[in-house]
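Take a look at the structure below.
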Amino acid sequence: MPSSWQRDYGVLALLWLAATLVDRLWLHLDQAPPAWDQGDHLSRAMNYWRVLQQPNLWSAQWWTDLWKLSPTYRAPFVYLVTVPFLAWFGAGYDQATLVNSVFTGVLLLATYHLGSCLFSAQVGLWAAGLCLLSHTLALTRIDYLLDYGLTASLTVAFTCLTRWRYQPRQGWRWTIASGVALGIVFLNRPTGLLFLAVPLGWLGIEALVKQQWGRLGQLVILGVIAIGIGWPWFSTNWLTVLSSIAQANANGIVYEGEPQANTLAGWLHYARELPTTLSFPVVLAGLGCGLIALGRWLWQGRSHKPDTLSTPSTLGAWAWLLSFAGGIYVLCSLAANKDPRFIQPYLPAMALVFARLLTLGIGRWWAGLRWSTAIVATVLLLTNLFPLFPIVKGVPGQHHPYQGAPYPHEQVIATVIQQQPYQRSTIGLVANTAQINPMNVDFYGAVANFQVYGRQLAFSEKTALPDSRALDWYLTKTGDQGAYNAIEAGQQALRQLVESSPDLALHRTWQLPDGSELRLYHRRNPPITVTVSDRASGSAVALLDIILPAVVAPGKPAPVTYTWLGAWADLRDGLVLMDWVPSQSAVGNSPILWLQDHGIGLGHLYAGATPPLDTTPIKVVEQLALQPPAELPTGQYRLQVTYLNRKTGQSYPLAIPPTTITVAEQADSLPAPELDLVTQVRSLAALLPQGQLEPVFNDIGRINQYDPIQDYVPQLELMVKHRLQADPDRLDLLYTLGLVYVLQQRAQPAIATFTRLTQLDGQNPWAWAYLGLAQLYSFQPWRATAALNQAERLEPGIPEVETLRMVAAAMRLDIPTIRRIWRREQAKT
């Protein structure tokens, strides 16, 4: 390595060290909790850390479960890179942000090499330094967001493409590097590849025009490498990734003071904001230097000595650089939301632009101007980050660390765990401020051994009532309620229900720094109570007691209480299959029409920091609801219970107290809690044969908030599969199993299940439609087309089937079929 490069690397190391020290000092002083996006990202990083603590690299299911932790366009790369810092330094906000130091180093190196390739090593060094002075990049460095990792990876990718273009002798080396870099961009955020569309299009067209088939082949291989890196994650989540991207675009928000897209003000917005996002002194001095150089060039004419430090031609370098920055500018200007962090991937390129302008002049005066600009920009940035001058307050752009009274997130989590030490709990948030919101409560619960979760409820007024009955814990606050936007009415209704419900008691309050009060509500009679027992549990789980009404009505819920005794491990991993059979029938003489299968303690048994020994005797009291099916014949029924261990697969019938109940049409309605989630989902699965998809997935989206890890889904899978061993052709169980596989995004088992359903329920078009959907998800468009065509033959004109047929045609690149179906659907409307 040349000595000048060693010197430059030394300078870059000092720049990185200075930036890291400033960032860590700011984070050490700041006592504010993470806001919305930050809390969400931190929770996801914690989930990756948890899964990676027990890796099973040879298990395909383990990899699938890993990729499913990022089901939306928020891809997993930043979370994965954060995991080592959580493992080495502990779980926490400051520890997670250490990953930004890595991205800073990567960004400095990439910007330096980009500048060296296009202009000179001096320009590269100045560009790297100016990246550290960018106000927007500085704010992102002290935060935990995906944008900083995306900026670093995009800069690396563009640098590799630049090297590939200008160093053809090392083409294969930079082909591989570019492919890896593009794959990492995709794993940062799939839409990030759009920021490289113009440079990639340039390279492809250039190779075609010049008939450089070898170079064109390298581009193809580059793309294959990128796809290979991103495919495992994308193929697992492609449907939710695409739908979340579409939803994000549809929900673009224009905040107060921001210009609308596709207006002159919208197109000029980011240009006007450049002095703020980059650095006002840098932009001012850079433009001044550029104007002076342009005037001198015009005055002296083309005979003026050109810059000898440029490696490629000057105009070509400028065009290439601006193709990247300009492409990002256009894409971000088209978006409705003009948040400055969305456009920050172009800031390293703009830093390079202004570094080149600042270095146009040679001599002591020009050097003094550059260093004066850097010093002023540094002072301005530090003033914006720290209260260095108390007299300067309220200046736009200031982002000083919060050093007021701490917020009580950790106390809230500790209070819940203290009250329910052997359960996994979910807190329903009825507040959504930057300081108190579901995302950061969820993060602090994850830090506490994943024992408490936070979720936002009441996305509409219609769900406020069931939401107020679903959880044991709720958080409300007085004063400012935060940003609710379209769901404000639902949140207000939920808050009123929580604060006035006789079933909920105010458990504890905290005074917040803004003068408002945080209120934690707890259910007076929670559905699950877990205590250590002084009674020996024996070698098997025992159902000690059952309390239930003598008479219940079909289709109406009624209260029931079960008391279980057993070893901690057996109860924690225990499922119970509960059959209500007609008293007059012999065992196995008739199909079981009334089930109440569920996990013991609804699967919520969990102790994070100090779990009991596996053999510790535990008593679990469940206060649940049972509901006979509406079509159940009246009469007397008796209970049979089978225990199933979800880890070992061991099962055995339980000896229980003689238990009977009468089902009668005229029975009185009794107050009862909400049905358990397994029962609710099994009831929803009964709607699948009729094609009632909207209520199914609307309700599943709602109840997923009640069980943040969706543990009810694997519970239901195991119990249904156990029942199918005895009755493999039972349609309601097969439809339930198919739904379970769809919820778990397990395409191959779903295909097998729906294939079986088409054999048993072959005249139902929906069985074929679900098979086609599963095959589409598994990238089998030709097979899906056959299934969907059969659904069309059985019942022509089902809109959902027509949509799936268009998707299948698109995946087959069958344009005539798409046009034919589209025209037919348009004719109907």
Just to verify a result, which residue in the stretch 85-121, among those that are part of a helix (DSSP H, G or I) and among the small types (Gly, Ala, Ser), is surrounded by the most Cβ atoms within 10 Å (Cβ to Cβ)? Gly115
Identify the single condition in (1) surrounded by 15 or more Cβ atoms within 10 Å (Cβ to Cβ); (2) charged (D, E, K, R); (3) under 41 Å from the mean Cα position of the chain (by Cα) that Arg370 does not satisfy, given that it satisfies every other one. (3)
Can you find a residue in the stretch 640-650 that is open to solvent by 10 Å² or more (accessible area, probe 1.4 Å) and over 41 Å from the mean Cα position of the chain (by Cα)? yes
Looking at the stretch 312-361 only, could you name the residues that are more than 22 Å from Thr276 (Cβ to Cβ), of a type in the set (A, V, I, L, M) and in a helix (DSSP H, G or I)? Leu315, Ala317, Ala319
Output for the stretch 309-334, where each listed residue is open to solvent by less than 40 Å² (accessible area, probe 1.4 Å) and more than 18 Å from Thr159 (Cα to Cα): Cys332, Ser333
With the condition kept exactly as written, say whether any residue in the stretch 685-695 is open to solvent by 30 Å² or more (accessible area, probe 1.4 Å), outside any loop (DSSP other than H, G, I, E, B) and acidic (Asp, Glu). yes
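Specify which of the listed residues (Pro559, Pro633, Pro612) is touching a residue at least 60 places away in the same chain (Cβ under 8 Å), not acidic (Asp, Glu) and not in a strand (DSSP E or B). Spell out the reasoning first.
Numbers: Pro559 fails: not in a strand (DSSP E or B); Pro633 fails: touching a residue at least 60 places away in the same chain (Cβ under 8 Å).
Only one candidate qualifies: Pro612.
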Answer yes if at least one residue in the stretch 506-516 is touching a strand residue (DSSP E or B) at 6+ places or on another chain (Cβ under 7 Å) and of a type in the set (Asp, Glu), and no otherwise. no
Of the conditions (1) in a helix (DSSP H, G or I); (2) of a type in the set (Gly, Ala, Ser); (3) within 23 Å of His598 (Cβ to Cβ), Ala540 clears all except one; give me its number. (1)
Take the residues in the stretch 197-213 that are assigned to a helix (DSSP H, G or I) and open to solvent by 50 Å² or more (accessible area, probe 1.4 Å), then tell me which one is nearest to Trp67 (Cα to Cα). Ala197
Scan the stretch 766-796 residue by residue and report those that are of a type in the set (Gly, Ala, Ser) and part of a helix (DSSP H, G or I). Ala767, Ala769, Gly772, Ala774, Ala784, Ala786, Ala787, Ala791
Quick check on this structure: which one of Ala18, Ala13 is without any contact (Cβ under 8 Å) to a residue 12 or more places away in the chain, surrounded by fewer than 18 Cβ atoms within 10 Å (Cβ to Cβ), over 29 Å from the mean Cα position of the chain (by Cα) and within 26 Å of Pro345 (Cα to Cα)? Ala13
Collect the residues in the stretch 476-489 that are open to solvent by less than 70 Å² (accessible area, probe 1.4 Å) and within 23 Å of the chain's Cα centre (by Cα), keeping them in residue-number order. Gly482, Ala483, Tyr484, Ile487
Quickly run through the stretch 714-760 and pick out the residues that are more than 25 Å from Thr236 (Cα to Cα), part of a loop (DSSP other than H, G, I, E, B) and touching a residue at least 12 places away in the same chain (Cβ under 8 Å). Asp727, Asp729, Arg730
Being in a helix (DSSP H, G or I) and surrounded by fewer than 20 Cβ atoms within 10 Å (Cβ to Cβ), is that true of even one residue in the stretch 122-137? yes
Criterion first (under 30 Å from the mean Cα position of the chain (by Cα), among the small types (Gly, Ala, Ser), surrounded by 15 or more Cβ atoms within 10 Å (Cβ to Cβ) and closer than 25 Å to Glu674 by Cβ) does Ser501 satisfy it? no
What residue, among those in the stretch 415-472 that are of a type in the set (Lys, Arg) and more than 17 Å from the chain's Cα centre (by Cα), is surrounded by the most Cβ atoms within 10 Å (Cβ to Cβ)? Arg424
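Conditions (1) modelled with pLDDT of 90 or more; (2) closer than 20 Å to Val330 by Cα, marked per residue:
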position: Leu219; (1), (2): yes, no
position: Gly230; (1), (2): yes, no
position: Phe234; (1), (2): yes, no
position: Ser243; (1), (2): no, no
position: Gly252; (1), (2): no, yes
position: Ala261; (1), (2): no, yes
position: Leu264; (1), (2): no, yes
Of the conditions (1) out of contact with any Gly (no Cβ under 8 Å at 6 or more places or on another chain); (2) more than 25 Å from Ala483 (Cα to Cα), the single one that Ser43 does not satisfy is (2)
Number of the condition not met by Gly149 [criteria: (1) under 21 Å from Pro340 (Cα atoms); (2) in contact with a His (Cβ under 9 Å, 6 or more places away or on another chain); (3) in a helix (DSSP H, G or I)]: (2)
In the stretch 614-652, what residues are at pLDDT below 95 and among the acidic types (Asp, Glu)? Asp614, Glu631
Residue check for Leu42: hydrophobic (A, V, I, L, M, F, W, C), under 17 Å from Ile709 (Cα atoms) and touching a residue at least 60 places away in the same chain (Cβ under 8 Å): yes
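The values are calculated or read from the model by the stated rules, or taken from the named source; none is laboratory data. If you're wondering where the values come from, they're calculated on a predicted model, not measured in any experiment. Reconstructed Cβ throughout: ideal geometry from the backbone, glycine too, with neighbour counts over all protein chains shown. The protein model used for the area step is the full one, side chains on, heavy atoms only, and it has no ligands, DNA or RNA in it. Shrake-Rupley method; radii C 1.70, N 1.55, O 1.52, S 1.80 Å.
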